[in-house]
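Colleague: The structure under discussion is supplied below as structure tokens; questions concerning it will follow.
The values are calculated or read from the model by the stated rules, or taken from the named source; none is laboratory data. These numbers were taken from a predicted model, which means no experiment stands behind them. Note that we place each Cβ from the backbone using ideal geometry, even for glycine, and neighbour counts take in every protein chain shown.
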Amino acid sequence: MTALRRVPPSLDAVLRDVAFDHLWRSSSVLALVLDAQGVVIDANARAEALFDGPVVGRRGVDLVGVAGAAARSTLAHLGTRGGAVETVRLTFRDLGGATLVLGEADAGELARVERDLAAMHADLQNLTREVVRKNRALARLGELKSRFVGMAAHDLRKPTGVILGYVDLVLDGAGAALSDDQRRLLGAIRSSCSFMARVIDDFLDLAVIEAGQLTLHLAPSDPGSVVRAGARRAEEHARRADVTVSLDLEPGTARRLDASKIEQVAMNLVGNAIEHSPPGGRVVVASRLEGAAFTLTVSDEGPGIDPDDLARLFRPFERGAHGGVARVGSFGLGLSISKMIIDAHGGSLDAASGAHGGTVFVVRLPGAGERIA
Amino acid sequence: MSTAEERRATAAALTLHTARIAELATDLQYARQPEVWERYGVRGRELSVRDMTYHLPFLGTAIVADEPRVFADYVAWIRHLFARLGFEDPAAAVLLACMRDAIAEALPGGLGAVAVPYIEAGVAELAAPLRRFASFLEDDGHPLRPLARLYLDALLKNDRAAARTLVLDAVARGVGLREVLLRVLQDVQREVGRLWFSAEISVAREHYCTAVTQDVIAHLYPRIMDTPRVGRRIVVACAAGESHDLGARMVADFFELAGWDAVFLGRDTPTAALAEAVREHRPDVLGVSANMSFHFPAVRDGIAAARRADPTGRLRVLVGGYQFDATPGLWTRTGADGSASDADAAVATAEALVAAVRGQGVAS
């Protein structure tokens with residue numbers, strides 16, 4: 001054995017004893033002694049602590065995962081009693097008929113990796129902070145937007161009503177005094193103004209719902225009758241678009257709902273179906289009772305909706321999603337408001353399109369005490 | 001008495017000649033105390049030279065800030081370090097004498113004399129009673145102290161889930177966020193720093209504790225950020241080179257709790273980035289954090305750059321961090337408008353500064 005340099009010969013033996021004692025009792029270096037068959041015949045305290053159960057008598061290769069050859073050095077990943085995996089560099093030393101296996105972690109590498117991980121963790125937490133902060137800022141901006149839209153719509157509603165009222169007054173009162181051209185122009189003013197009033201109502205509805213102030217006035221009503229009333233409000237629209245609306249409504253059972261809001265949903269869905277139907281097309285409005293739940297379907301013969309667009313169909317301001325045709329002058333609010341109203345009733349509103357066109361909207365309203373996911 | 005110009009020149013020369021001073025001082029140490037140093041051999045000498053390069057920036061800060069106490073504080077820490085390593089105080093005294101003589105030899109034009117009073121402050125510290133660095137969690141009767149101790153215990157046992165639950169449960173029970181942040185998380189992190197400094201825990205353990213505390217705070221963000229806004233903004237950053245960012249982030253979070261919009265730039269913010277952030281975010285207040293006194297020049301340079309980036313003259317600047325707590329008055333040499341020793345005080349100071357700006361009607 002090589003003599004230890006620097007230490008006076010008188011200290012050599014005691015130094016070896018102390019160093020060996022440290023290695024065997026308290027060092028973080030793993031030490032195993034294997035016999036010629038590779039079976040552990042001795043192990044230090046570190047090895048006993050590291051592996052699950054007694055070490056002596058087990059095969060070295062089962063413990064460290066590699067069979068050793070003298071002077072060989074390799075990395076090994078050791079599963080430990082605590083569940084963590086420790087990587088150590090194993091060195092195999094020939095003892096003459098036996099083998100000493102030493103396993104040592106690279107403390108320098110661990111320290112560098114740990115330092116960098118800590119820095120990355122801190123950076124990640126800073127990013128998390130920014131995300132939360134910006135989300136809050138966006139939420140505040142969203143509230144501000146809803147308030148602005150609500151106030152603007154509220155202020156526009158009154159003059160729109162005044163214009164509509166005076167146009168009606170002139171059309172009804174002036175009678176034969178109007179020329180055909182004047183009547184046509186006044187009709188155009190009326191039609192545009194009615195459209196504007198509907199958009200303003202949609203804005204107001206949306207502002208109220210987004211502010212969390214949607215209040216349902218629940219009373220026992222027959223949903224079939226309510227749907228019928230909503231569909232009738234779209235009759236004039238259907239006539240102008242040359243679309244037939246067929247009603248196939250089973251008498252429902254009365255349930256607590258906000259009749260005017262459900263009527264609005266029916267009108268929106270039927271109006272939307274008419275809008276996307278070809279001239280001469282047909283819209284079918286059908287209702288069924290499925291157990292206690294009330295189901296309404298509104299089907300059209302339009303071009304259908306691209307599957308990618310279905311997901312954003314009910315989001316506000318997703319104009320032109322239906323059928324991929326942008327509707328100039330429409331904000332696409334009707335469907336999103338309808339969904340919010342149905343959600344508030346504990347129901348569901350979904351849409352599906354066939355491969356060859358045509359779209360069906362399905363409303364489900366729960367029976368008493370039910371909730372539809 | 002030296003002039004500010006002489007002090008600046010001396011600090012600059014110290015930086016320029018650090019390597020030579022370190023070599024000279026170490027040679028003197030070995031010559032004067034061979035019995036102490038020779039036994040450490042070649043490697044020991046290399047470490048001595050390296051350590052000398054660590055000491056000199058603290059002296060440089062003391063000189064440029066004209067605060068001898070900065071260096072005295074550092075020497076107090078060195079005393080503890082030497083005691084732990086088994087050196088007697090005379091070794092520290094010889095070290096300081098060697099440093100003084102090496103500086104005198106290495107610096108041109110008598111600049112070495114400028115450094116002497118600051119080194120003498122360190123020598124005086126060696127004669128003073130050994131400072132005691134008391135636990136930050138000693139019983140002070142505060143009702144959250146037991147929770148702070150339990151939280152620290154969980155951290156030291158690797159039980160991050162328990163640590164997080166302790167804090168989140170307390171908040172859910174109605175304990176105030178400010179109290180939890182200050183009296184549990186801040187105090188525990190200060191104690192973790194003390195334990196590291198006293199060599200009672202490893203660097204890895206200190207990093208682990210800090211990471212868990214960062215994680216706990218992240219879980220509190222939805223509550224922290226939910227305060228009604230007051231229409232004021234602060235940008236908080238760690239000075240260039242400063243890697244400890246938890247304290248600064250807690251300060252930013254306290255501003256959010258107070259309704260401010262608090263942008264946090266993170267650790268080690270270069271001077272240019274600090275100025276850019278001021279141009280981009282137009283904050284009412286800039287907060288700059290640095291713990292170690294050798295970051296002092298970076299703090300001062302960062303503040304100067306930020307002021308140049310604010311043509312309105314309305315920007316107010318706060319500094320904070322261990323060095324400013326340890327040396328009262330040091331902040332006045334940074335170009336800042338104020339300093340605060342914790343997150344709560346930072347908000348109060350910033351609000352007073354902003355109110356004063358508005359009261360003066362500084363032209364925008």
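Colleague: If only one of B:Arg229, B:Arg267 is part of a loop (DSSP other than H, G, I, E, B) and crowded, with 21+ Cβ neighbours inside 10 Å, which one is it?
Modeller: Working: B:Arg229 fails: crowded, with 21+ Cβ neighbours inside 10 Å.
The unique qualifying residue is B:Arg267.
Colleague: Now for a different question. If I filter the range B:258-272 down to residues being of a type in the set (Gly, Ala, Ser) and farther than 18 Å from B:Gly321 by Cβ, which single residue comes out as farthest from the other protein chains (Cβ to nearest Cβ)?
Modeller: Start the filter on the range B:258-272 by keeping residues that are of a type in the set (Gly, Ala, Ser), which leaves B:258-259, B:262, B:266, B:272.
Filter once more, so that each one left must be farther than 18 Å from B:Gly321 by Cβ: B:258-259, B:272.
Working: B:Ala258: 14, B:Gly259: 12, B:Ala272: 19 Å.
Filtering first and then ranking leaves B:Ala272.
Colleague: If B:Phe87 meets every condition in (1) free of Cβ contacts under 8 Å to residues at least 60 places away in the same chain; (2) exposed (fewer than 14 other Cβ atoms within 10 Å of the Cβ); (3) not in a helix (DSSP H, G or I) apart from one, which number is that one?
Modeller: Failing condition for B:Phe87: (2).
Colleague: May I ask you to say which residue of A:Leu127, A:Leu164 is away from chain B (no Cβ under 14 Å), part of a helix (DSSP H, G or I), of a type in the set (A, V, I, L, M, F, W, C) and farther than 30 Å from A:His77 by Cα? So that I can check it myself, show each step before the final result.
Modeller: Values: A:Leu127 fails: away from chain B (no Cβ under 14 Å).
The unique qualifying residue is A:Leu164.
Colleague: Same structure again: Which of the helices (runs of 4 or more DSSP H) contained wholly in the range A:7-101 include at least 2 residues that are loosely packed, with under 12 Cβ neighbours inside 10 Å? Quick ask: steps written out before the conclusion?
Modeller: Values: elements: A:9-25, A:45-50, A:60-64.
Fully inside the range A:7-101 and qualifying: A:9-25.
Colleague: Residue under question is B:Leu181, and the condition is that it be within 14 Å of chain A (Cβ to nearest Cβ), in contact with a Ser or Thr (Cβ under 6 Å, 6 or more places away or on another chain) and in a helix (DSSP H, G or I); does it hold? Reasoning before the result, please.
Modeller: On the way: within 14 Å of chain A (Cβ to nearest Cβ): yes; in contact with a Ser or Thr (Cβ under 6 Å, 6 or more places away or on another chain): no; in a helix (DSSP H, G or I): yes.
No; evaluated as a whole, the condition is false for this residue.
Colleague: Can I ask one more? Surrounded by fewer than 18 Cβ atoms within 10 Å (Cβ to Cβ), in the same structural domain as B:Ala121 (by TED's automatic domain parsing) and in contact with a Cys (Cβ under 8 Å, 6 or more places away or on another chain) - does that describe any residue in the range B:32-55?
Modeller: yes
Colleague: Now a separate question. Hey, any hits in the range B:151-167 for a residue that's touching a residue at least 24 places away in the same chain (Cβ under 8 Å), within 11 Å of another protein chain (Cβ to nearest Cβ) and surrounded by 19 or more Cβ atoms within 10 Å (Cβ to Cβ)? Before you say what the answer is, go through the steps one by one.
Modeller: Residues of the range B:151-167 touching a residue at least 24 places away in the same chain (Cβ under 8 Å): B:151-152, B:155-156, B:158, B:160, B:163-164, B:167.
If we keep only those that are within 11 Å of another protein chain (Cβ to nearest Cβ) too, we end up with B:158.
Checking which are surrounded by 19 or more Cβ atoms within 10 Å (Cβ to Cβ) leaves us with none.
No, the range B:151-167 contains no residue that is touching a residue at least 24 places away in the same chain (Cβ under 8 Å), within 11 Å of another protein chain (Cβ to nearest Cβ) and surrounded by 19 or more Cβ atoms within 10 Å (Cβ to Cβ).
Colleague: Every residue in the range A:336-368 that is assigned to a strand (DSSP E or B) and polar (S, T, N, Q), please.
Modeller: Step one: filter the range A:336-368 for residues assigned to a strand (DSSP E or B), giving A:348-353, A:359-365.
Passing the criteria: A:Ser348, A:Ser353, A:Thr359.
Colleague: Another question, if that's okay. For the list (1) closer than 21 Å to A:Leu124 by Cβ; (2) over 24 Å from the mean Cα position of the chain (by Cα), I need the number of the one condition that B:Thr227 fails.
Modeller: For B:Thr227, the exception is condition (1).
Colleague: Look through B:Gln214, B:Gln186 and report the one residue that is away from every other protein chain (no Cβ under 14 Å) and either farther than 30 Å from B:Thr271 by Cβ or part of a helix (DSSP H, G or I) (or both). Walk me through how you get there before you give the answer.
Modeller: Working: B:Gln214 fails: away from every other protein chain (no Cβ under 14 Å).
Criteria check complete, one pass: B:Gln186.
Colleague: Any residue in the range A:160-173 that is at positive phi and hydrophobic (A, V, I, L, M, F, W, C) sitting within a Cβ distance under 7 Å of a residue that is modelled with pLDDT of 90 or more and surrounded by fewer than 11 Cβ atoms within 10 Å (Cβ to Cβ)? List the pairs, counting only those 6 or more apart or interchain.
Modeller: none
Colleague: Of the conditions (1) within 28 Å of A:Pro316 (Cα to Cα); (2) assigned by TED's automatic domain parsing to the domain that holds A:Pro316, A:Val199 fails just one. Which one is it?
Modeller: So the condition that A:Val199 fails would be (2).
Colleague: Now, a different point. Going by the conditions given, is A:Ala139 on the phi < 0 side of the Ramachandran plot and loosely packed, with under 15 Cβ neighbours inside 10 Å? Full working, then the answer.
Modeller: Working: on the phi < 0 side of the Ramachandran plot: yes; loosely packed, with under 15 Cβ neighbours inside 10 Å: yes.
Yes: the conditions hold for A:Ala139.
Colleague: Still on this model: State all residues of the range A:106-119 that are more than 10 Å from chain B (Cβ to nearest Cβ) and under 20 Å from B:Leu265 (Cα atoms); if no residue qualifies, say none.
Modeller: The answer is A:Asp116, and nothing else.
Colleague: For the range B:197-224, what are the residues that are under 29 Å from B:Gly174 (Cα atoms) and either polar (S, T, N, Q) or touching a Pro at 6+ places or on another chain (Cβ under 9 Å) (or both)?
Modeller: B:Thr210, B:Thr213, B:Gln214
Colleague: Something else now. Name the helices (runs of 4 or more DSSP H) wholly within the range A:176-278 that hold at least 3 residues that are crowded, with 19+ Cβ neighbours inside 10 Å? Spell out the reasoning first.
Modeller: On the way: elements: A:180-210, A:223-232, A:235-241, A:259-275.
Those helices (runs of 4 or more DSSP H) span A:180-210, A:223-232, A:259-275.
Colleague: Which is more than 15 Å from B:Ala306 (Cα to Cα), of a type in the set (Asp, Glu) and not in a loop (DSSP other than H, G, I, E, B), of B:Glu191, B:Glu276? Outline the logic, then answer.
Modeller: Values: B:Glu276 fails: more than 15 Å from B:Ala306 (Cα to Cα).
One residue alone meets the criteria, B:Glu191.
Colleague: Only one of (1) in a helix (DSSP H, G or I); (2) in contact with a Gly (Cβ under 9 Å, 6 or more places away or on another chain) fails for B:Phe136. Which number is that?
Modeller: (1)
Colleague: Return the total of residues in the range B:293-316 being touching a Ser or Thr at 6+ places or on another chain (Cβ under 9 Å) and in a loop (DSSP other than H, G, I, E, B).
Modeller: The total comes to 3.
Colleague: Then there's this: Out of all the residues in the range B:190-209, which are surrounded by fewer than 22 Cβ atoms within 10 Å (Cβ to Cβ), within 13 Å of chain A (Cβ to nearest Cβ) and touching a residue at least 12 places away in the same chain (Cβ under 8 Å)?
Modeller: B:Arg205, B:Glu206, B:Tyr208, listed by residue number.
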